[in-house]
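Below is one structure, written out as C-alpha cells; the observations come after it.
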Amino acid sequence: MMKTKIFIIGTGPYGISIANALYKKKIPFAIAGKMFSLWYDHTLDSMSIRSDWHSSEIYEADDRYNVKDFIYKNYPKDEAKKIMSHKLPIDVFRKYLKFIESDLKYPILSHHVTKLTKIENGFISELENGEKIESESVVIATGIEAHKHLPKSLQNLNSPNLIHTWEVHKYEHWKNKNVLMIGAGQSAGEGIVHLYDNNKITWLTRKEPVFFSEPLNLPTPIFKFTLHISPYFYFMPNWMRKKFGKIFVISTITPDLQEKTMSEKVTKVRADVEEIGLEIRGEKFFSKKLNQEFDGVVASTGYILNINNLKFVDTTLLNSIKVQDNFPLLDFDFQTNVKNLFIVGALSEPHYGPAQKFIMGTRHAAVRIAKWAEKN
Ligand SMILES: Cc1cc2nc3c(=O)[nH]c(=O)nc-3n(C[C@H](O)[C@H](O)[C@H](O)COP(=O)(O)OP(=O)(O)OC[C@H]3O[C@@H](n4cnc5c(N)ncnc54)[C@H](O)[C@@H]3O)c2cc1C
C-alpha cells in the first residue's frame, strides 16, 4: 500500500494548486482524480470561460502558470492581444490546462476515490482500481459534480433525453429537436446559444433572467474587491457572513448571450418546473400545462451543495464532521474538526466567501494548506 503524508482527492484547479504548493515546499503527497475533468468534459466547446484571465490562473508559487505569459508564448502577437481583450475561449483555456498537465513534476493517480475511511493515525483512500493509499492527512477537493441538482418532478422522469447541463456531451450535438431548457443561469444561456441554430427551444424560468457580466450581480470593481478580501469573511460573525452570502446566490447570464436567448425564436415560459406537469410519453416528454411535446429536456438546474453528497466518504467519518447548514465547519486552514482532514473549494464558501467557488480562490487554499503542512 502506498503511504504518504498528504493525500489530495481531486485534480481540478484546487487539487492541482494545492499539489503545486506542497511540491514546492518538498512536502510528501499523492494526488488522484480525472485531470481537469470539468473543463475538458463538462463545458461546451463553443463557449468562453466566464472569469477574467487573471482570476483563472492555477496557482504555482513561482508564477509558472501565468495565463498572460502562456498566451503570448503560444499565439502570434496579434492573436494573443485579441484573446486577452475578451473572455478566454474554452479551447484556449483547455490548451493552457494541457500545458500545465504536461509540465507537472509529480505523478497523478488518474482514478477516482471510491472510499475514504479514518484509521487511528490517519486515513485510507481506496481508488476505483482497488489501489489503496494510507496518509496522515487528506484534502478533499472534489468540486461540485457530486452536488448536481435535479428538481423533484424531474427525478422521476426516466429518459436518456433528460440531461443535466453537467453532462453537456450528451446534448451538445442535438439537431432538429424540440428542446425544453430549464433554468435562468449561465449554463442555460450557453446551452440555448449552442443549440439555437439547429433546434427549437422553449426556455422555462421562474424569474426574468438577469444579464450581467460578472457571476455575481455586482459592478466589476466591487466584485473583484469582494473576491480579494473574501478569505477574511472567515473572521466575520456568522450572521454577517450569511447576510453577505445572500448577495451572491443570484444566478446571472453574461450579456453576450442576451441577443440569442432573448430573441423571438426562443419561446419563453415563466413558471416553476413543478407546475408544468411534465411526464414521459413514449420517447418524448409532454407538459400538460403547456400542452406541448418535447424531444429533450435540459436541466440547467445547478448544484445544491451538501457535505452528505460526498458518497465516497465512509459514513462514520462523514457523521463525525461537524457541519452547519450541511456545510463543514472549517478552521482558517480549511481543516475540519476531524484532525488532518481538509475540505476546499465550493464547500468552504460559507467560511471563506465567494472566491472559493471560483478558480481565483485556489491561491488562498493552496498557500494556507502548504503553510499548515510545513508546520505539522
Ligand atoms: C459549467 C461551469 C463553468 C464554470 N466557469 C467558471 C469560470 O469561468 N471561472 C471560474 O473561476 N469558475 C467557473 N466555474 C466554477 C468551477 O467549479 C470552479 O472554477 C473550479 O473548477 C472549481 O475547482 P475544483 O478543483 O474545486 O473543482 P473541479 O474543477 O470540479 O475539479 C474536481 C476534481 O475532482 C475530481 N473528483 C471528483 N470526485 C472525485 C473522487 N471521488 N475521487 C477523486 N477525484 C474526484 C474530478 O475528477 C476533478 O478532477 C464553472 C463551473 C461550471 C460547472
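Return the residues of segment 330-376 that are within 14 Å of the ligand (Cβ to nearest atom) and more than 21 Å from Phe36 (Cα to Cα); say none if nothing qualifies. Even if it seems obvious, please write down each step before you answer.
Going through segment 330-376, the residues within 14 Å of the ligand (Cβ to nearest atom) turn out to be 334, 342-349, 352-366, 369.
Matches in segment 330-376: Phe334, Tyr352, Gly353.
Of all residue pairs spaced 6 or more apart or on separate chains, those with beta-carbon atoms under 6 Å, a first member in segment 49-71 that is aromatic (Phe, Trp, Tyr) and a second member that is part of a loop (DSSP other than H, G, I, E, B) are Trp53/Leu88; Tyr65/Glu57; Tyr65/Ile58.
A quick yes/no check of all residues on (1) open to solvent by 40 Å² or more (accessible area, probe 1.4 Å); (2) in a loop (DSSP other than H, G, I, E, B); (3) in contact (Cβ under 8 Å) with a residue 60 or more places away in the chain; (4) among the β-branched types (Val, Ile, Thr):
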position	(1), (2), (3), (4)
Phe99	yes, no, no, no
Ser102	yes, no, no, no
Tyr106	no, yes, yes, no
His111	yes, yes, yes, no
Lys118	yes, no, yes, no
Phe123	no, no, yes, no
Asn129	yes, yes, no, no
Ile133	no, no, yes, yes
Val138	no, no, yes, yes
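The strands (runs of 3 or more DSSP E) located wholly in segment 259-310 that include 2 or more residues which are assigned by TED's automatic domain parsing to the domain that holds Gly191 and not hydrophobic (A, V, I, L, M, F, W, C) occupy 266-270, 278-281, 284-287, 292-294. Residue count for segment 1-38 satisfying the condition of being in a loop (DSSP other than H, G, I, E, B), in contact with a strand residue (DSSP E or B) (Cβ under 9 Å, 6 or more places away or on another chain) and open to solvent by 40 Å² or more (accessible area, probe 1.4 Å): 2. The single residue among Leu318, Leu290 that is free of Cβ contacts under 8 Å to residues at least 12 places away in the same chain and of a type in the set (A, V, I, L, M) turns out to be Leu318. Right, Asn217: at pLDDT below 90, outside any helix (DSSP H, G or I) and either open to solvent by less than 60 Å² (accessible area, probe 1.4 Å) or in contact with a helix residue (DSSP H, G or I) (Cβ under 8 Å, 6 or more places away or on another chain) (or both) or not? So Asn217 fits the description; yes.
The values are calculated or read from the model by the stated rules, or taken from the named source; none is laboratory data. Computed from a predicted model, the values in this text were never measured in an experiment. Don't worry about glycine lacking a Cβ; one is built from the backbone with ideal geometry, like all the others, and counts go over all protein chains shown. These accessible areas exclude ligands, DNA and RNA; they are computed on the full protein's heavy atoms, side chains included. Shrake-Rupley method; radii C 1.70, N 1.55, O 1.52, S 1.80 Å.
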